[in-house]
Structure formats: C-alpha cells, structure tokens
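Here the structure is laid out as structure tokens; the discussion comes afterwards.
The values are calculated or read from the model by the stated rules, or taken from the named source; none is laboratory data. None of the values given here were measured: they were computed from a predicted structure. Cβ atoms come from the backbone with ideal geometry, glycine included; neighbour counts cover every protein chain shown.
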Amino acid sequence: MNSAIDSFVLKGGHVLDAEQGIDKVADVHVAGGKIQHVGSREVAPGATIIDVSGRYVSAGWVDIHVHAYGTLGFANPDLVGVYQGVTSFVDAGGPGIGVLDQFMELLGHLETSLYAGAFIRPMGLLGLNFIEGNVRTLGEVPITRWIDFAKQNRDMLRYIKCNAMGDYGPGTLKLTKGLAEILDLPLYMHIGEFQMQNPEHLLAPEAFRIAEAGDMITHLYHGNLGQVIDDDGKVLQVVRDAERRGVLFDLGFGGYNFSWTVAEKAFAQGLIPHTISSDLQQFNVVRPVKSLANVMSAMLHLGLTLPQVVERVTGKAAKAIRMTDRAGSLKPGQPADITVFRVNSGEYEISDCYTQTRKAEKEIEPLITFKNGKRFDVNMSMGQDESNWFLQIAEEHVPDRAARLSERQRGFLSALAGRLSSTSWETSSAERLDIEKALELQEMFHEERSSHDLPLKDALNAVYASFLDQSFTMQIGLLLVRLEQPFAIGRLREVSSKRPLAA
Amino acid sequence: MLNTDGSLAQNGQNVAEASQMTEQPWQPLSGLRADNTKYPARASLEGEGIVIFKTKTGYRGVQRQCPHMQATMLNAELTANDTMVRCPLHVFTFKLSDGKGVNCPGFKVKVYEVKEEEGKFFGRLAN
C-alpha cells in the first residue's frame, strides 16, 4: 500500500548519513515531502510517528546503472526502483540522442526518478549480442543536436556512456570524451569484452588512460577479457594511475560483469568501487543480480563495512552523478527520499555472474521507501515477476490494449503500415542487426506521426499496443526491425482496421 | 572475432541450414534408458548431444547448449505451459515448436521430435 503522508517522524532507527557524519540512532522528521530534521526534536502536531527501531535509515538509494528502457528494460521499472528501496536511478546507455525524445515521453510517469546516461550511439544500446559496428552513425549526428538537447533537458542527462570493448580502436572513447567535455558531463565507460568477443587490442586499459577526474568506469570487478588485474592477480598500474587522478570506479554487477575471484583479489589490494550499482536488466533480474540490495549484500560480504556500502549508494553515488542538490543525504531541505532497511543474519548464497557462489552471513533487506515523502512498502518479488521482464511479442493474438486505441491512432497505424511496405527488411540474426534500417524505419515512424499530427507518446503507444501485452518501452526502430516484415505490416493493418471499443 | 565490416563473425549457420531441411527419418536415440524418470535428460542422436524434456504433451529434444553463451540446456526449465524452454543463465527463452528465441530475436535452438516405442526412444530434427 502506498500513501502520501504530509508530516511524519521515523522514530528510533539507526541513521547512516555520511554526508552529515551521522552513524547513530536518531529520529528523522519529514514534512511537505522534505527532510526537516535528523535528531531529537518535538514532534510537530498532527505528524504520524512511524516506529523504525531496530532498523537502519538512510537517504534513498541511488542506482547509477540500470536498464529501465529499451531492449533490456522492464515493463514497470518502479518494481526495481521504489519497490526495492531505490529512489533514483540512471539508465546506463538505453537511449542515445536519436531516441532521447522517446525515452522522456515514456518514462516521465515513474515514481522513481529516472535519468539518462545517454549512449554515444544514436539508437542507444541494442542489447543481446548486437554490437553496433558501423562507426558512421557516430558521425551522422550533428553536435548541435546534442547541445540543443542538453540545453533544454539539462536535468535529464547525468553522463555520456560508451563501451570500451570490441575491435574498433580507441576513437569512439575519445569521441565520447570530447562530447562529454562539450556538454560538461561525466564520461561513463563500460569495460570488459562482451560475451564471445576476443579482440586483438583490449580497450579497457585505454579507458583508464582517457578518463579524467570525475569520469567513471563501470564493471570494476568483471571477469571477462580486459580485467583490472593482470594474470598474476595484481592490480594494473594504469588502473592505479587513473584512481590517483580522481577517476571514479563503479561496480556495475550485471549479468556478465562481476566475478568473485577478481573482486577478492582486487579488494585485497585496496581497489574498491566508489559507487555500487546493479546494472539490473531483464536478463539478470532473476539471477544473478536480483536487486541493488543483493549487490550491496555482496559488497558487505566482500569486506566493505555497512556505512561504506550505504555511502556508495547514497552520498557518493549522488556526487558521482552531480545530484547532491536532491539526493544522497538526509540534510534538512532535501527531498524526503529515504530507505528503511535491516541487516539480517543467517546463511545466504550470493552468486557472481560465472559459476562462483559465496556463503554470506549477512543480508541487506530494504523494507520501506519514501519518495518525496510518499511511502512505498518494499516488495522484492514483484520486480522478478515474469510479466516485468519477459519481453515477448504477442505473435498469436492482438494485445487487448490495442482495442483501446483512438481513431487517430488507428489512422496513423494504417499509414505507417503503408509506409513500411515501401521498404524492405530482413529479420536480424543473433549477431547482426541492420542498424541503418532501424534508423530508417524510425524516420518513417516520425514522418507519419508528424503528418498525422499525433503526439509522440500516442504514436509510440499505438505501435507498442499492437505488439506487446505488457508496457515495455523500446526504441521504435529497433522494435520494428526485430519483427518479420510481413508480420509487422499485417499486424499494424489488422489493428488499424478494427473498430475501437465503445467508450 | 569481428568481420572486416565490424560485425561479429557468424556462428549460427548450422541452425539456418537445418531449417531448410526436409522432414528427417526417425533415428534411435542413445543414452536414454526407458526407465529414466529424471528430466531433462541427456541423450544423443546420431552422435549429437541433445537434451530431452518431458512436457505435458510428450517428449521434446533441444540442442545441448544455449546459443547465447553455451550454457548447458540440462539446467533449462520448461515454461509457458510447457511450450517454451528457458536457459537459467540469462533467461533466454525458446519456443519448443520451432526453436525460435522469444525474448532474444535472432537466437534459435535446434528442436527435436522425440517418441517412445516399446521401451525405445527415437528422435528427429523438427526445425
């Protein structure tokens, strides 16, 4: 149950707030969606008292690396957000400049604050095994497009992401670094070769060389090619040099990016992530990531203290994405973004992304989240429910929600079907995806919706409702190019020709 | 490895070729005993390792490794009323009817028809 409480006091909890140097039992006073005070004070008349004795209280957790949008995203990202103790998160590369408009339309309604770690390539991350090999798409985006977007949507952008992997050379990293400098945003780089790749020249060391103070490198403890340790297990000098320069290291657990062996060796030499992030996506929420809380438990087991773990999802995370004006601390005047949690004792198995598991004696369990003072009781299992992550095209039936589309939306779909018939595409294989075609199909979508004077959101929802039972969101060009053309056109025609349900 | 155009090298041609074959004759399955009760189970068909699932409607075979990261399909589970099989590693899910990836377009597994006759198992490629 959710409820908006105007004025309340969290009483008797152990407050952890490194930004204020608080690590003790204290009350947290909230009114009007803001933190009023931490400590003893007379309770305001009419304020509700919530007993949290025996629990910990921290600023709302900030996950700087999730995949909420696109081919890796969730039907309802809040289920891995406020319902799992997380009050703000950043989509790490889901949208690029070509789809940031779509990203904003669809995710503005979330309870959890969602920001973009925009990807250097225009379509954003493609997901699965698809690697965008054609560097031309990088050059086909005028820099003015980025600058104009950043001017109008400064708040949405938290970093610019690129992937330091593959055989493309360091040019993409340098280009991304340049763009990040122009936009005055941190650079955020993925390290670790992806799945089956085996490039001749590893880009991970190059990432550590290019990064400057405040830039971030994620997947610190991954176990693929391009690790932070050498064959003897020693932390690389290039990593040490970057750390000395003020480069920030992010955990980014993910489905492929955390190895107990690497973590233990690096941790023993004092190499510790500055921020703890989950890299949650539809392909790792069941296992091994599960939740940010599970990743925090892994770090606790690795040897970080509880305050160190909590600081890395609050104050340090907010600083890394330059968001201390609204997150990361329980300072008076801050939005009342709060996570109440406990640390359970017992025997818990925590798996890495490979075959290793560790038996942990402690587990961090979020219980209540407050977002701007609004309460959400944590439910860890909803995020793992199949309906939240199993992105399945409704091949054999038209989704029910298609019956609720308006006449205008149907007219648009009919025109889109006609337009898509004027080109041709072939369904992608496991390794190849025709990115230029995806961009072309997206352009057609925009031209048709524009000529039908249909708001972007309505046009997107019309297409999604034609193919998806759940409310997944995806780059429209990617969605279309992944469908078989005759099926896609046939379905759009079928939906557009049906009469809407009577109001 | 990457091709010169920057794309990844192909490793799924065998699947594409398989889909163009005509109906195969039934072949005896080896390695699976008639009194086997534990499924999924290993078997082999003409020397090729496959994994046999027991569904609500009968038996079905699937190639032994997930095409994503080569995890064993012995740990895969049946889902969607026994019409799909899901690799536990990254929840890549495939239709047992035609082997197509459901949440992973472009990915495909070989699927096999399997029947039991007088205590012996037979199989043939279904896609």
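Cβ-Cβ below 8 Å, separation at least six or inter-chain, first residue in the stretch A:202-214 and of a type in the set (Phe, Trp, Tyr), second in a helix (DSSP H, G or I): which pairs?
Note: pairs meeting the criteria are A:Phe208/A:Val238; A:Phe208/A:Val239; A:Phe208/A:Asp241; A:Phe208/A:Ala242.
Filter the stretch A:101-129 down to the residues that are among the polar types (S, T, N, Q) and not in a strand (DSSP E or B), then identify the one that is nearest to A:Ala68 (Cα to Cα). Break it down stepwise before answering.
Step one: list which residues in the stretch A:101-129 are among the polar types (S, T, N, Q), which gives A:102, A:112-113, A:129.
The next check asks that each one be not in a strand (DSSP E or B); those that pass are A:102, A:112, A:129.
On the way: A:Gln102: 13, A:Thr112: 11, A:Asn129: 18 Å.
Checking each candidate, the answer is A:Thr112.
Tell me yes or no: at least one residue of the stretch A:376-384 is among the small types (Gly, Ala, Ser) and either in contact (Cβ under 8 Å) with a residue 40 or more places away in the chain or under 21 Å from A:Ile476 (Cα atoms) (or both). Reasoning before the result, please.
To start, the set of residues in the stretch A:376-384 that are among the small types (Gly, Ala, Ser) comprises A:381, A:383.
Of the ones still in play, those that are also either in contact (Cβ under 8 Å) with a residue 40 or more places away in the chain or under 21 Å from A:Ile476 (Cα atoms) (or both) are A:383.
Within the stretch A:376-384, one or more residues are among the small types (Gly, Ala, Ser) and either in contact (Cβ under 8 Å) with a residue 40 or more places away in the chain or under 21 Å from A:Ile476 (Cα atoms) (or both).
Identify the single condition in (1) within 18 Å of A:Leu391 (Cα to Cα); (2) out of contact with any Gly (no Cβ under 8 Å at 6 or more places or on another chain); (3) surrounded by 15 or more Cβ atoms within 10 Å (Cβ to Cβ); (4) not hydroxyl-bearing (Ser, Thr, Tyr) that B:Arg60 does not satisfy, given that it satisfies every other one.
Only one criterion is unmet by B:Arg60, namely (1).
Take the residues in the stretch A:147-176 that are of a type in the set (D, E, K, R) and surrounded by fewer than 21 Cβ atoms within 10 Å (Cβ to Cβ); name whichever of them is nearest to the other protein chains (Cβ to nearest Cβ).
Residues of the stretch A:147-176 of a type in the set (D, E, K, R): A:148, A:151, A:154-155, A:158, A:161, A:167, A:174.
Those still in the list that are surrounded by fewer than 21 Cβ atoms within 10 Å (Cβ to Cβ) too: A:148, A:151, A:154-155, A:167, A:174.
Values: A:Asp148: 29, A:Lys151: 33, A:Arg154: 33, A:Asp155: 32, A:Asp167: 5, A:Lys174: 17 Å.
Looking at the filtered set, the residue picked out is A:Asp167.
Looking at the stretch A:312-364, which of the residues that are free of Cβ contacts under 8 Å to residues at least 12 places away in the same chain and acidic (Asp, Glu) is surrounded by the fewest Cβ atoms within 10 Å (Cβ to Cβ)?
Once the filter is applied, the top-ranked residue is A:Glu349.
Going residue by residue through the stretch A:96-111, is there one that turns out to be in contact (Cβ under 8 Å) with a residue 24 or more places away in the chain, in the same structural domain as A:Leu251 (by TED's automatic domain parsing) and under 19 Å from A:Gly252 (Cα atoms)?
no
Can you tell me which residue is farthest from the other protein chains (Cβ to nearest Cβ) among those in the stretch A:396-410 that are in contact with a Lys or Arg (Cβ under 9 Å, 6 or more places away or on another chain) and within 17 Å of A:Leu479 (Cα to Cα)?
So the first thing to find is which residues in the stretch A:396-410 are in contact with a Lys or Arg (Cβ under 9 Å, 6 or more places away or on another chain), and the list is A:398, A:402-403, A:405, A:410.
Next, only the ones that are within 17 Å of A:Leu479 (Cα to Cα) stay: A:398, A:402.
On the way: A:Val398: 18, A:Ala402: 20 Å.
Of everything passing the filter in the stretch A:396-410, A:Ala402 is farthest from the other protein chains (Cβ to nearest Cβ).
Is it fair to say A:Ser450 is among the hydroxyl-bearing types (Ser, Thr, Tyr) and in a helix (DSSP H, G or I)? It would help to see each step written out before you state the result.
Working: among the hydroxyl-bearing types (Ser, Thr, Tyr): yes; in a helix (DSSP H, G or I): yes.
Considered against the rule, which asks whether it is among the hydroxyl-bearing types (Ser, Thr, Tyr) and in a helix (DSSP H, G or I), A:Ser450 comes out as yes.
How many residues, within the stretch A:83-109, are under 13 Å from the mean Cα position of the chain (by Cα) and crowded, with 24+ Cβ neighbours inside 10 Å?
In the first step, residues of the stretch A:83-109 are kept if they are under 13 Å from the mean Cα position of the chain (by Cα); the result is A:86-95, A:103, A:107.
Imposing the further condition that a residue be crowded, with 24+ Cβ neighbours inside 10 Å reduces the set to A:86-95, A:103.
Result for the stretch A:83-109: 11.
Restricting attention to the stretch B:100-119, and to residues there that are within 14 Å of the chain's Cα centre (by Cα), part of a strand (DSSP E or B) and more than 9 Å from every other protein chain (Cβ to nearest Cβ), which single residue is surrounded by the fewest Cβ atoms within 10 Å (Cβ to Cβ)?
By that ranking, first place goes to B:Glu113.
Checking A:Ala263 against (1) touching a Phe, Trp or Tyr at 6+ places or on another chain (Cβ under 7 Å); (2) in a loop (DSSP other than H, G, I, E, B), which single condition isn't satisfied?
Status for A:Ala263: all satisfied but (2).
Could you please find all residues in the stretch B:73-99 being surrounded by 18 or more Cβ atoms within 10 Å (Cβ to Cβ) and either among the aromatic types (Phe, Trp, Tyr) or free of Cβ contacts under 8 Å to residues at least 24 places away in the same chain (or both)? I'd like the intermediate steps shown before the answer.
First, pick out the residues of the stretch B:73-99 that are surrounded by 18 or more Cβ atoms within 10 Å (Cβ to Cβ): B:73, B:76, B:78, B:84-87, B:89-96, B:99.
If the condition is that a residue be surrounded by 18 or more Cβ atoms within 10 Å (Cβ to Cβ) and either among the aromatic types (Phe, Trp, Tyr) or free of Cβ contacts under 8 Å to residues at least 24 places away in the same chain (or both), then B:Met84, B:Arg86, B:Cys87, B:Leu89, B:His90, B:Val91, B:Phe92, B:Thr93, B:Phe94, B:Lys95 are the ones that fit.
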